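Undergrad: Dropping a structure here in structure tokens format, bear with me for questions.
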Amino acid sequence: MPTLLTNGTIIDPDTRQMSIGSILVDNGVVTARFDGLLPADATVRTAPDTTVVDATHKLISPGFIDPHVHLREPGEEHKETIATGTRAAAAGGYTVVACMPNTRPASDSVAVVQHIRTAARRAGFAEVLPIAAATIGRAGKELSPMRELVDAGAIGFSDDGVPVSDPAVMRNVFEYVKMLAVPYFGHCEEMTLSNGWGMHEGAVSNRLGLPGYPSAAEEVGIARDIALAELTNSRLHVCHVSTAGGVALIRAAKARGVNVTGEASPHHMTLSDRWVLGWLDEHADARNEPGMSLNPTTRPPYDTSTRVSPPLRSEADCVAVLQGLLDGTLDFVATDHAPHSRVDKEVEYRLAMAGITGIETALASMLMLVNQGRISLMDLIVRMTDAPAAFLGRGTTALRVGARADITVIDPQLVWTVEASKLFSLGKNTPLLGQKMRGKAVLTMYKGNITHQEA
Amino acid sequence: MNERQIMTADEVRRAIARVAHEIGERNGGVHNVVLVGIYRRGIPLAKRVATAIQQIEGSTVAIGALDITLYRDDLEIRGTATQIQHTHIPVDITGKTIVLVDDVLFTGRTIRAALDALTDLGRPARIQLAVLVDRGHRELPIRADFVGKNVPTAASEDVAVRLNEVDGGDDAVMIIRGAV
Amino acid sequence: MTMPAVSPFVPWIPTANRKRRHVLDLDDFSAAEIIDVLDAATSMKEVLGRSVPQVPILRGRTVVNVFYEESTRTRMSFELAARTLSASIMSMTAKGSSVEKGESLIDTIRTIQALGADIIVIRHGESGAPYLAAQHFKGSIINAGDGRHAHPSQALLDLFTIRERLGALQGLNVTIVGDILHSRVARSNIWGMLRCGMQVTLCAPSTLIGDVRMWQETFPTLKISYDLDAIIPATDVLMGLRLQKERMHAGLLPTLREYSTYFGISQARIDKLPDHAIVMHPGPMNEGVEIMPEAADSPRSVIEAQVTNGVAVRMALLYRLSGEATI
């Protein structure tokens, strides 16, 4: 049954053009595109059973791609399942996600990779690309059967959650993965420097008495992995870059011609370590203007929903990470969606599991930066569609005739409040609970099927 | 607010003088008497009674100050906003005749708290009560031994004692109608 | 400090009309409230001096000590404070973190709430634990020490002792010497002292202070020194902190001897203090390491007074929390 999205602003990330138009979808692909406004009585409808979705004043974008999510299945289905995670992705406007291997068991065998693909197909909310474990059990000692895993569908490797601590093993991972032409997704951290950490090391951690995770611990990790990727002429992708120094290292490495890419998560661009102070922050701007600002003082101090790895860092780091995204040092936006259950989070701060559930709030968080004039809408959409697509070796996501109908319709003016009961993810662990946001995906289509629609 | 004066400065002075006489009369002299003023206005009143006794009997009477904040039974209602003051009684009260001095006797709860406080501080031989004004409406079986003036009041009224040492200006006792 | 708008999600912070419900740290106490507490503690100290040190004011209230870390002295201090005010008090020691033990902190707090506790006094090894407890308890929480973050009743008794011995607090020069980086006593004292207009200098090996910029971003007037002998002649209050061996990561100091040589509170050093100056220590002391026995016993030492005053200050806190004190 065909679907016609009418009179929206179509965003084409390949040509960086925006134009009013309509898109006809049938059999899972874009079958027609019409420029300009369609009059109400247009005879353009090709079939009487066409569903018409009025996209007036809305944006029609290719579906978003997130190369870094945690779906928790198999083994941690109390935190999230592939079904709930991809449903949440659809609610966030995403149609393709790559999931990390820190499941139980880890994604270090063909059986687990196949399970993930099967479960994702069955749920049908989004395309799921498995990232498999680089080492057996993510223990950092023995290489996983990487070639077999690629043949089973893995699109890259990582031990995410932890680095590969032994540099000699890391080198071997780089050497081996080179022949498979897929990236190593690096969680870069020198753990002896971050040992026992509670939050980012800085004035806030000092005030709150929490052991710190200094930026240097992440930077030492990034520098090491860049050097080893350079040594082996292999390919490194740096996950969740959170420090100004880390962005600078990647920028310099790219300038030297190293095959390195990076990603930026919305929380590392919009939330600083001062959020851990909550209402203790005497200097916070306590105004939640939807689409423009957030109010951290509605949160209590030591709110574990702020605990994430790498941690929320200084405001200067947030600015530098966004700058990295703007100048291409960091290639795309990745949410690092990391749902946790209440049991994991309702404990003493330093003991809480690290992670923010972010896929449903990513768009609104990034639109806030657009409204503040710090990134253009087009740049943002490119960094959420064509840029991750290129990283994954895919062509443009632009909605041309014949393209797969992965579409996100965005209402940039819709004001909504982040509420736990309304999140599709099982994980409610976001510092944004209670915040009013502006901008939401109101319709998401995956292969022509509507996977999310706001009431 | 509607104020009505029921005692002038002269009337206050005469009442204190009479109470001073009565204390000496009742106790056959003041050699074993300790005046203990209840914070706040009981303390300057106790000092004035002591001065009057000095003039009548020629002897100096010991004076103490008692704060009953930590003996109240109305913590939840009134909160802890009132400052705790110091209790200071310079002599051992065991075996003495304690004359509690306060400005207004009303429900009797303040005096009950004062009795508890005194028994924690020692074992007096006897405790007597001197007040400038008795306004009735007792909620406990407590009575004053020495009264400056009996003043019938409505429960909704307020009795305000103004003393030069605390409030400045002339001494006065006022009934305030319509006070909260 | 203007209080931010209160979200109904967070019902436990001081409300709009400034009623204090919890004592978690001194960072949300105004100078006026600190003075109110010290004044109340003065009256409480008078009660402690009586032959029958007991008043009935908190009769019927239940106070529960929940100590996840061993501390006989602080626990006993709160027990004595509660009993003097006629409150009933129970003490519970839960070793190890709640995660290791199986029962979560929240479940423990809820259980104690169901037992009828009005006030919970909590000491915990993790910074921030009392804030978590406060979100799940209808009564009042007093933080008796959380990780390296705060120990408000200790700071208040320290301020009380200083005022008792030296009079007005404004303008006094305090030098804090010891393992400052890991010290909750230091942090709470810094808040209280700066609020009351005192000048504070931190003095320790640089590994036990950490990045100076981190301190000065929160406390712009705080001073840092690595030379104790240079600042002693201008010091009114010399506060030593225990060198916390159990919290020190290995490798922060070369030897304890080197520490004592340059930062130890010795007789020679206290002889160079101004005549009126006092020496303090929260206890327990490592005599011979951060403080020499002669210094601890000297007439300048107010260490024992700190212990007595601790009971009075804790009585004042229990009292003020029981009646919905306005601040």
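Undergrad: Between a residue in the stretch A:212-236 that is surrounded by fewer than 21 Cβ atoms within 10 Å (Cβ to Cβ) and any residue that is aromatic (Phe, Trp, Tyr), which pairs come within a Cβ distance under 7 Å, given they are 6 or more apart or on different chains?
TA: From the stretch A:212-236, the pairs are A:232/A:174; A:235/A:184.
Undergrad: Right, something else. Residue B:35 fails exactly one of the following numbered conditions: (1) closer than 14 Å to residue B:114 by Cβ; (2) modelled with pLDDT of 90 or more; (3) touching an Asp or Glu at 6+ places or on another chain (Cβ under 8 Å). What is the number of that condition?
TA: Among (1) closer than 14 Å to residue B:114 by Cβ; (2) modelled with pLDDT of 90 or more; (3) touching an Asp or Glu at 6+ places or on another chain (Cβ under 8 Å), residue B:35 violates only (3).
Undergrad: So which helices (runs of 4 or more DSSP H) stay within the stretch B:1-91 end to end and still have 3 or more residues that are surrounded by 14 or more Cβ atoms within 10 Å (Cβ to Cβ)?
TA: Of the helices (runs of 4 or more DSSP H) lying wholly inside the stretch B:1-91, those with at least 3 residues that are surrounded by 14 or more Cβ atoms within 10 Å (Cβ to Cβ) span B:9-26, B:42-57.
Undergrad: Would you list the helices (runs of 4 or more DSSP H) that sit entirely within the stretch C:57-168 and hold 3 or more residues that are in contact (Cβ under 8 Å) with a residue 24 or more places away in the chain and small (Gly, Ala, Ser)?
TA: Here the list reads C:72-84, C:129-134.
Undergrad: Where the second residue is surrounded by 23 or more Cβ atoms within 10 Å (Cβ to Cβ) and among the hydroxyl-bearing types (Ser, Thr, Tyr) and the first is within 24 Å of residue A:338 (Cα to Cα) and lies in the stretch A:161-188, which pairs have Cβ atoms under 6 Å and are six or more apart or on separate chains?
TA: A:185/A:158
Undergrad: Could I ask something else about it? Test each condition in (1) farther than 21 Å from residue C:37 by Cα; (2) outside any strand (DSSP E or B) for residue C:176 and report the one that comes out false.
TA: Single failed check for residue C:176: (2).
Undergrad: Right, here's the next one. For the stretch A:156-179, does any single residue satisfy the condition of being polar (S, T, N, Q) and in contact with a Pro (Cβ under 8 Å, 6 or more places away or on another chain)?
TA: yes
Undergrad: Here's something else I'd like to know. Being touching a Pro at 6+ places or on another chain (Cβ under 9 Å) and under 17 Å from residue C:196 (Cβ atoms) narrows it down to one residue among C:146, C:158; which is it?
TA: Criteria check complete, one pass: C:158.
Undergrad: Continuing with the same structure: Give the number of residues within the stretch A:111-151 that are part of a loop (DSSP other than H, G, I, E, B), surrounded by 16 or more Cβ atoms within 10 Å (Cβ to Cβ) and in contact with a strand residue (DSSP E or B) (Cβ under 8 Å, 6 or more places away or on another chain).
TA: Number of matching residues: 5.
Undergrad: I've got another one for you. Might you let me know whether the stretch A:366-376 holds any residue that is among the β-branched types (Val, Ile, Thr) and within 14 Å of another protein chain (Cβ to nearest Cβ)?
TA: No, the stretch A:366-376 has no match at all.
Undergrad: How many residues are within 20 Å of residue A:220 (Cβ to Cβ) and of a type in the set (Ser, Thr, Tyr) if we restrict to the stretch A:248-277?
TA: Matching residues across the stretch A:248-277 total 1.
Undergrad: The conditions are (1) of a type in the set (A, V, I, L, M); (2) at pLDDT 95 or above; (3) closer than 23 Å to residue C:235 by Cα; (4) buried (at least 19 other Cβ atoms within 10 Å of the Cβ), and residue C:208 fails exactly one of them. Which is it?
TA: Of the numbered conditions (1) of a type in the set (A, V, I, L, M); (2) at pLDDT 95 or above; (3) closer than 23 Å to residue C:235 by Cα; (4) buried (at least 19 other Cβ atoms within 10 Å of the Cβ), the odd one out for residue C:208 is (2).
Undergrad: Does residue B:68 satisfy being within 14 Å of chain C (Cβ to nearest Cβ) and of a type outside the set (D, E, K, R)?
TA: Taking the combined requirement at face value, the residue satisfies it.
Undergrad: Out of B:121, B:129, B:140, report the one residue that is without any contact (Cβ under 8 Å) to a residue 40 or more places away in the chain and within 14 Å of chain C (Cβ to nearest Cβ).
TA: B:121
Undergrad: What is the number of the single condition among (1) out of contact with any His (no Cβ under 8 Å at 6 or more places or on another chain); (2) small (Gly, Ala, Ser); (3) closer than 29 Å to residue C:237 by Cα; (4) within 12 Å of another protein chain (Cβ to nearest Cβ) that residue C:127 does not meet?
TA: Every condition holds for residue C:127 apart from (1).
Undergrad: Answer yes or no as to whether residue A:362 is in contact with a Pro (Cβ under 7 Å, 6 or more places away or on another chain) and aliphatic (A, V, I, L, M).
TA: yes
Undergrad: Looking at residue A:292, is it modelled with pLDDT of 95 or more, in contact with a helix residue (DSSP H, G or I) (Cβ under 6 Å, 6 or more places away or on another chain) and within 14 Å of chain C (Cβ to nearest Cβ)?
TA: When the stated conditions are applied, residue A:292 does not pass them.
Undergrad: Among the strands (runs of 3 or more DSSP E) lying completely within the stretch C:204-307, list those that include at least 2 residues that are not assigned by TED's automatic domain parsing to the domain that holds residue C:187.
TA: Of the strands (runs of 3 or more DSSP E) lying wholly inside the stretch C:204-307, none has at least 2 residues that are not assigned by TED's automatic domain parsing to the domain that holds residue C:187.
Undergrad: Which of the residues spanning the stretch C:130-170 are more than 14 Å from every other protein chain (Cβ to nearest Cβ), surrounded by fewer than 24 Cβ atoms within 10 Å (Cβ to Cβ) and within 24 Å of residue A:198 (Cα to Cα)?
TA: Result: C:142, single match.
Undergrad: Can you tell me which of (1) in a loop (DSSP other than H, G, I, E, B); (2) of a type in the set (D, E, K, R); (3) more than 28 Å from residue A:28 (Cα to Cα) is the one residue A:438 doesn't meet?
TA: Every listed condition holds for residue A:438 apart from (1).
Undergrad: Just give me the residues in the stretch B:71-93 being touching a Pro at 6+ places or on another chain (Cβ under 7 Å) and more than 8 Å from chain C (Cβ to nearest Cβ), in sequence order.
TA: Selection gives B:93 alone.
Undergrad: If you check A:215, A:158, A:194, which single one turns out to be within 14 Å of another protein chain (Cβ to nearest Cβ) and in contact with a His (Cβ under 8 Å, 6 or more places away or on another chain)?
TA: A:215
Undergrad: What do you reckon, is residue A:436 basic (Lys, Arg), surrounded by fewer than 23 Cβ atoms within 10 Å (Cβ to Cβ) and farther than 30 Å from residue A:303 by Cβ?
TA: So residue A:436 fails the test.
Undergrad: Give the residue that is surrounded by the fewest Cβ atoms within 10 Å (Cβ to Cβ), with candidates limited to residues of the stretch A:295-306 that are touching a helix residue (DSSP H, G or I) at 6+ places or on another chain (Cβ under 6 Å) and in a loop (DSSP other than H, G, I, E, B).
TA: So, considering only residues that are touching a helix residue (DSSP H, G or I) at 6+ places or on another chain (Cβ under 6 Å) and in a loop (DSSP other than H, G, I, E, B), the one surrounded by the fewest Cβ atoms within 10 Å (Cβ to Cβ) is A:300.
Undergrad: Here is a list: A:169, A:182. Which entry is crowded, with 19+ Cβ neighbours inside 10 Å and among the β-branched types (Val, Ile, Thr)?
TA: A:182
Undergrad: List the strands (runs of 3 or more DSSP E) that sit entirely inside the stretch A:1-85 and contain at least 1 residues that are of a type in the set (Lys, Arg) and surrounded by 15 or more Cβ atoms within 10 Å (Cβ to Cβ).
TA: Counting at least 1 such residues, we get A:29-35.
Undergrad: Cβ-Cβ below 8 Å, separation at least six or inter-chain, first residue in the stretch B:146-167 and of a type in the set (Ser, Thr, Tyr), second outside any loop (DSSP other than H, G, I, E, B): which pairs?
TA: Close Cβ pairs (under 8 Å, with a partner that is outside any loop (DSSP other than H, G, I, E, B)) amount to B:153/B:159; B:153/B:175; B:156/B:177.
Undergrad: Still on this model: Considering only residues that are charged (D, E, K, R) and either buried (at least 24 other Cβ atoms within 10 Å of the Cβ) or over 24 Å from residue C:78 (Cβ atoms) (or both), look in the stretch C:274-319 and name the one that is nearest to the other protein chains (Cβ to nearest Cβ).
TA: C:314
Undergrad: If a residue must be free of Cβ contacts under 8 Å to residues at least 24 places away in the same chain and facing chain B (nearest Cβ under 9 Å), how many such residues does the stretch C:44-56 contain?
TA: Total meeting the criteria: 4.
The values are calculated or read from the model by the stated rules, or taken from the named source; none is laboratory data. Worth saying up front: this structure is predicted, and the values here are computed from it rather than measured. Using ideal geometry, Cβ is built from the backbone for each residue, glycine included, and neighbour counts are taken over all protein chains shown.
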